[in-house]
Structure formats: structure tokens, C-alpha cells
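Novice: Structure below; questions to follow.
The values are calculated or read from the model by the stated rules, or taken from the named source; none is laboratory data. Quick caveat: nothing in here was measured; it's all calculated off a predicted structure. We place every Cβ from the backbone using ideal geometry, glycine too, and count neighbours over all the protein chains shown.
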Amino acid sequence: MRAAVGDRIVIASNTLDRPVRAGLVVELRHPDGTPPYLVEWSDTGQTALVFPGPDARVEHTGASTVTEDEVSPARHVRTWHIEVQLYESDRECTAHAVLRSGEAPPLHSDGQARRREGEPNIPEIGDEIAAARALHHLGDLLLATASGDLSAALHYPTTLRT
């Protein structure tokens, strides 16, 4: 990986709970453009010394002297959104989960939890159980959808397992 001052560095996190980060290369530590780089992060404005890993890519601004052979391939980064709505009554909770991927129609699933007579009324536990069941079912639907899409692309039946 090589960069020049003014290039943009993008780091796509390999964990779900961390956002994609982007920053501007403001200083090089090596004249040949190899890491580390002093980067000003666009989300905080702070400057940090960055040793990019395999989850990073450099977007060249055009003023760079880096050749095409040195450009790292761009990764396809997307954000999907899952919304979970919880509906509670006296002894049951229903969770409705919706996955929105942007390109495909949204996927919907439901999960339920029921409290037996005599059990303590702790709504948070019912929420957790109903949401877990809805998300589990949503995962099954997503695998079934991917299996159908893969079958159509390969022109023969496929089954994906968890």
C-alpha cells in the first residue's frame, strides 16, 4: 500500500459494531509512500498515526504519483439496517424484525415469548426472547433468500446451511 499527502484512507471495520472510518493523509513518514501515515479523521477531526491493516484502502486524489499497480483493490462496503419493534401485552411479547438492505425488498419476521401463569412479570426477558426468535427467523429467511439467488445464478438447486 502506498499513499500521498491528500489521499483518502478508508478503513472498513471487520466487526459489526464499528463504523467505516475515513480520513485524509496529511503527512507521510516515508518518502516512498509506504505506511505509517499521519491521518486526519473526518469523523472527529483528530490526527493520528495510522498503520493500515488488511481492512484499509487508499483512495488516490489524482495528485498522487502512485502507479495503478500499487493501488489496493476497493472493497464493497454496505450498511444494512435491522429494526425490531416489540409489542407487549399482559402475558406475551411479539417482536417484529425488518431487514432493509437497500437493493432488495425488505425481509420481515416475527418472534414470540409467552409468560406462564405464576411466573414473575419481567418484561425485559420477554423482549429478549421474542427479539432473539425474530432475529433467528430473519437469519433463516436471509439464508433461504441467498440460497434461491445462488440457485438462480448457478442454474442448479443449492441449499445453504447454518
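Novice: Which residues, taken from the stretch 94-145, are in a helix (DSSP H, G or I) and small (Gly, Ala, Ser)?
Specialist: GLY126, ALA130, ALA131, ALA132, ALA134, GLY139, ALA144
Novice: Just for the stretch 96-118: of the residues that are basic (Lys, Arg) and touching a strand residue (DSSP E or B) at 6+ places or on another chain (Cβ under 6 Å), which one is farthest from HIS81 (Cα to Cα)?
Specialist: ARG114
Novice: If THR65 meets every condition in (1) closer than 30 Å to GLU27 by Cβ; (2) assigned to a loop (DSSP other than H, G, I, E, B); (3) at pLDDT 85 or above apart from one, which number is that one?
Specialist: That leaves (3) as the condition not met.
Let's see how each residue does on (1) surrounded by 13 or more Cβ atoms within 10 Å (Cβ to Cβ); (2) modelled with pLDDT of 95 or more; (3) not aliphatic (A, V, I, L, M):
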{"residue": "ASP69", "(1), (2), (3)": "no, no, yes"}
{"residue": "SER72", "(1), (2), (3)": "yes, no, yes"}
{"residue": "ARG78", "(1), (2), (3)": "no, no, yes"}
{"residue": "GLY102", "(1), (2), (3)": "no, no, yes"}
{"residue": "GLY111", "(1), (2), (3)": "yes, yes, yes"}
{"residue": "LEU141", "(1), (2), (3)": "yes, no, no"}
{"residue": "GLY148", "(1), (2), (3)": "yes, no, yes"}
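Conditions tested, residue by residue: (1) among the polar types (S, T, N, Q); (2) under 30 Å from ILE9 (Cβ atoms); (3) without any contact (Cβ under 8 Å) to a residue 40 or more places away in the chain.
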site	(1), (2), (3)
LEU86	no, no, no
ARG100	no, yes, yes
LEU107	no, no, yes
GLU119	no, no, yes
ILE125	no, no, yes
ALA132	no, no, yes
ALA152	no, no, yes
THR158	yes, no, yes
